[in-house]
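All remarks here apply to the structure that follows.
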Amino acid sequence: MSLLGFQRALADLAASPDRCARAIHYGAPAFGEYDLTPRERARLVAMARDRLMATNCVLYRANRITPIYMFLPRTCKVLGPVLRRELDAFWSQSTAADQQYLTETTRFAEFLKSRIASGALPAHLEGIVAGEAAALVELLAAPTASTATPGKSRRPQTAPAPDSPACRT
């Protein structure tokens, strides 16, 4: 029995609708790659078959698409109806989700560049992807509110902490 194995398998279920489908169809053998007890395998199969697992998968994907949609909006718009196909391919190839916006968005941009180079996507998309990826790197490299001249920061400033002098009345 391995708590880490169980947690990894559960996280992988949320990250992959295909893995859920395999667990629903094949049952416990779908978790053969994990160090699990028969009871843990049965629990994971029950979770995969639960109607709420689809919600779990949606929330996971929403968290992954947020930075992509926020920082590559023109790319997403130009991809249009093939965006989902490209996201599915990216997520199946790049299972290491990173909630850091720069990393996730940069990896997706690099993935798209490789798809363009292979001819799977139209060449005119390359300039859009490259331009938005460069703008993201520039935005995130901009000085933060704590290091910038007041009024000159390009990053949004956060509200002061409730216990800071600025919030005292």
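Side notes on the structure shown:
- In segment 1-35, of all residues being outside any helix (DSSP H, G or I) and acidic (Asp, Glu), the one that is surrounded by the fewest Cβ atoms within 10 Å (Cβ to Cβ) corresponds to 33.
- Members of segment 117-138 that are crowded, with 17+ Cβ neighbours inside 10 Å and assigned to a loop (DSSP other than H, G, I, E, B): 121
- Flag for residue 76 being under 27 Å from residue 126 (Cβ atoms) and in contact with a helix residue (DSSP H, G or I) (Cβ under 6 Å, 6 or more places away or on another chain): yes
- Every residue from segment 66-106 that is part of a helix (DSSP H, G or I), surrounded by 16 or more Cβ atoms within 10 Å (Cβ to Cβ), out of contact with any Asp or Glu (no Cβ under 6 Å at 6 or more places or on another chain) and at pLDDT below 90: 91, 101, 102, 105, 106
- Inter-residue pairs, beta-carbon under 7 Å, first over 17 Å from residue 91 (Cα atoms) and in segment 104-129, second among the polar types (S, T, N, Q) and in a loop (DSSP other than H, G, I, E, B), 6+ apart: none
- Residue pairs whose Cβ atoms lie under 9 Å apart, separated by 6 or more positions or on different chains, with the first residue in segment 72-93 and under 21 Å from residue 130 (Cβ atoms) and not assigned by TED's automatic domain parsing to the domain that holds residue 19 and the second surrounded by fewer than 16 Cβ atoms within 10 Å (Cβ to Cβ) and hydrophobic (A, V, I, L, M, F, W, C), are 86/120; 89/120.
- Taken residue by residue, segment 49-62 has no member that is in contact with a helix residue (DSSP H, G or I) (Cβ under 8 Å, 6 or more places away or on another chain), free of Cβ contacts under 8 Å to residues at least 40 places away in the same chain and not in a helix (DSSP H, G or I).
- For segment 110-121, the condition of being hydrophobic (A, V, I, L, M, F, W, C), over 27 Å from residue 3 (Cα atoms) and under 12 Å from the mean Cα position of the chain (by Cα) holds for none of the residues.
The values are calculated or read from the model by the stated rules, or taken from the named source; none is laboratory data. Remember, predicted model here, so these are calculated numbers, not experimental data. Because the Cβ atoms are built from the backbone with ideal geometry, glycine has one as well, and the counts that use them run over all protein chains shown.
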